[in-house]
Amino acid sequence: MEHNSRARSLFIALGMTLALFAVQAAWMGSSLSYISGAGQALVLSALFALVYGGAMAAFICFQKPKTGTLVFTGVFAAITMLARVSMLDFVTADYVSFLSGWVGMFREGGFSMLAENVGDYNLIYQYFLLLVSRAPLHDLYLIKYLTVVFDYLLALAMMRAAERFAGEKAALPVLLTVMALPTTLLDGACWAQCDSVYVFFIIMSLYFLETDRPVRSAVFLSVAFAFKLQTIFFFPVVLLGLIHRKYRLRDALAFFAAYVVTMLPALMAGRPFFDALSVYANQSMGQYYDRLTYNAPNLYLFFPMLEFASSQEFTWMRCIEGIDGKGTNAFLNPDLMPDLQHAALYACVMLVLIAVIYWLIHWKEITPDMTLEFALFCAIFLPFVMPKMHERYFYLADMLSILYAAKYPRRRFMPLLVVGASLMCYVPYLMRQRPIDERVLALMMLAALVIVGRDLLVRMRKNRAALTVIRKGGEAA
């Protein structure tokens, strides 16, 4: 009976996938700027329909939904896919200035270019750009396609994580939320960024950690780190896992081995081992010396800036004395900004060390069932106090805030603060407008940080009281 039900569900999903394929192909052939002929439209539509069909098959496998739930979810997912497809032609300065040039370098140099550092991403993304350079479809669409694939993988991972943290009833709402989340839609299909990729691997790492599969957790975390440096926002959770012995030495070996595997194509192309290993060290030196924050809703929006990130027409800011049409601060000069950045970085390091020392002193009070709370706190705290952050660096916090809201019904407003602040900070770059004072957005993120921090401290206080009772009971015995 169950086998027949699953077969029927898969047949329904196949029908919806074919319908989406037909709609997409017709629209792409008539509307996309870089499609030359019906053949390319059919191939591109098939690629996106394959993502949709795979996501629906995984949903059926994991959830075994009733027919009504399946159809509703399928229609909802199809709408979110069409929303992404509608943004494929959107071109940003990141694509024009960086991504298209990197693809061009791989198109000219081929595999041998892996021996050099092309762009400012780590090796895995460079492998992807090499594949894109060899494909017959336009590179803009394929770059966005990678993120769309991981948008739906991330939604499925979040569904599984929600089951673990909040129960089965939370799974479907979280799945639908992530598929339609504005920051998820804009980050990849519109902006051609890839934050859903590394965050997917982090969420899976968290899921495997919570289900007591530390080797898998370490491997997924290694791939996340091999993809983007912002994975460090999750590293305090690793420290917590080590303290509570959820991670062991063999897991560290698995992490390193997986990272080395990601380096193999570059090593085969002739790149020196230590050069491939030190990509992040090279990236972090000498970049971005003109601002303290790049539209990130963090502490540094309250500091003086030489220029606002993503120069534009400034709406309400025209009313502020000292702000001209280019957004230049009359009280700073380019020579002073690097010193301000260094001072902010040193202060940030000290603040983080104080926080880490505090958590280490009280490690017994941070129990393994507080992992989600601790992860969310770190995902907000670190980019909030670090200088030179971009708006997209709160992407992990966006996802964890959704899980937090699913786990604690009284904190359902948490994504409104975190995702809301993130979303409005996308606007200056994508739309060249600042409709809201970004200091308000920084205060929203600060409010989220204070709330989750308070929740952590309250639970720690309760655990401290319980430990005191146990200790006194032992002494009395």
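The values are calculated or read from the model by the stated rules, or taken from the named source; none is laboratory data. Keep in mind it's a predicted model, so treat the numbers as computed, not measured. When we count neighbours, we look across all protein chains shown, and the Cβ atoms used for this are built from the backbone with ideal geometry, even at glycine.
Some values worked out for this structure:
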| quantity | calculated |
| --- | --- |
| Residue list for segment 87-119, restricted to those being outside any helix (DSSP H, G or I) and in contact (Cβ under 8 Å) with a residue 24 or more places away in the chain | Met87, Leu88, Asp89, Phe90, Val91, Thr92, Glu116, Asn117 |
| Search result, residues across segment 120-130 that are in a helix (DSSP H, G or I) and in contact (Cβ under 8 Å) with a residue 60 or more places away in the chain | Leu123, Ile124, Tyr125, Gln126, Tyr127 |
| Single match in Asp187, Asp212, Asp195 (criterion: of a type outside the set (Gly, Ala, Ser) and on the phi > 0 side of the Ramachandran plot) | Asp212 |
| Residue match in segment 125-139 (condition: of a type outside the set (Phe, Trp, Tyr), closer than 29 Å to Tyr404 by Cα and in contact with a Leu (Cβ under 8 Å, 6 or more places away or on another chain)) | no |
| Residue in segment 428-451 that is on the phi < 0 side of the Ramachandran plot, touching a Lys or Arg at 6+ places or on another chain (Cβ under 6 Å) and either surrounded by fewer than 24 Cβ atoms within 10 Å (Cβ to Cβ) or touching a residue at least 24 places away in the same chain (Cβ under 8 Å) (or both) present | yes |
| Residue satisfying all of: in segment 180-203; farther than 22 Å from Ala375 by Cα and of a type in the set (A, V, I, L, M, F, W, C); surrounded by the fewest Cβ atoms within 10 Å (Cβ to Cβ) among these | Ala180 |
| Spans of helices (runs of 4 or more DSSP H) in segment 259-368 with at least 2 residues of a type outside the set (A, V, I, L, M), at pLDDT below 90 and more than 25 Å from Phe394 (Cβ to Cβ) | 273-277 |
| Qualifying positions in segment 191-229 - in contact with a Pro (Cβ under 8 Å, 6 or more places away or on another chain) and at pLDDT below 95 | none |
| Residue count for segment 216-238, restricted to those that are surrounded by fewer than 20 Cβ atoms within 10 Å (Cβ to Cβ) and touching a Phe, Trp or Tyr at 6+ places or on another chain (Cβ under 8 Å) | 3 |
| Some residue of segment 432-445 being of a type in the set (Gly, Ala, Ser), in a helix (DSSP H, G or I) and more than 23 Å from Thr367 (Cβ to Cβ) | yes |
| Close pairs (9 angstrom Cβ cut-off, 6 or more residues apart or separate chains): within 15 Å of Tyr294 (Cα to Cα) in segment 337-352, modelled with pLDDT of 85 or more and among the aromatic types (Phe, Trp, Tyr) anywhere | Ala344/Tyr300 |
| When residues of segment 244-262 are limited to those that are surrounded by 18 or more Cβ atoms within 10 Å (Cβ to Cβ) and of a type outside the set (Ser, Thr, Tyr), the one farthest from Phe227 (Cα to Cα) | Lys246 |
| Residue list for segment 158-169, filter: surrounded by fewer than 23 Cβ atoms within 10 Å (Cβ to Cβ) and in contact (Cβ under 8 Å) with a residue 24 or more places away in the chain | Arg160, Arg164, Phe165, Ala166 |
| Residue count for segment 231-253, restricted to those that are in contact (Cβ under 8 Å) with a residue 40 or more places away in the chain, β-branched (Val, Ile, Thr) and more than 18 Å from Tyr358 (Cβ to Cβ) | 1 |
| Count of segment 1-25 residues which are over 9 Å from Ser45 (Cα atoms) and among the hydrophobic types (A, V, I, L, M, F, W, C) | 10 |
| Matching residues in segment 11-53 - criterion: being surrounded by fewer than 17 Cβ atoms within 10 Å (Cβ to Cβ), assigned to a helix (DSSP H, G or I) and not aliphatic (A, V, I, L, M) | Phe11, Gly15, Trp27, Ser30, Ser31, Gly39 |
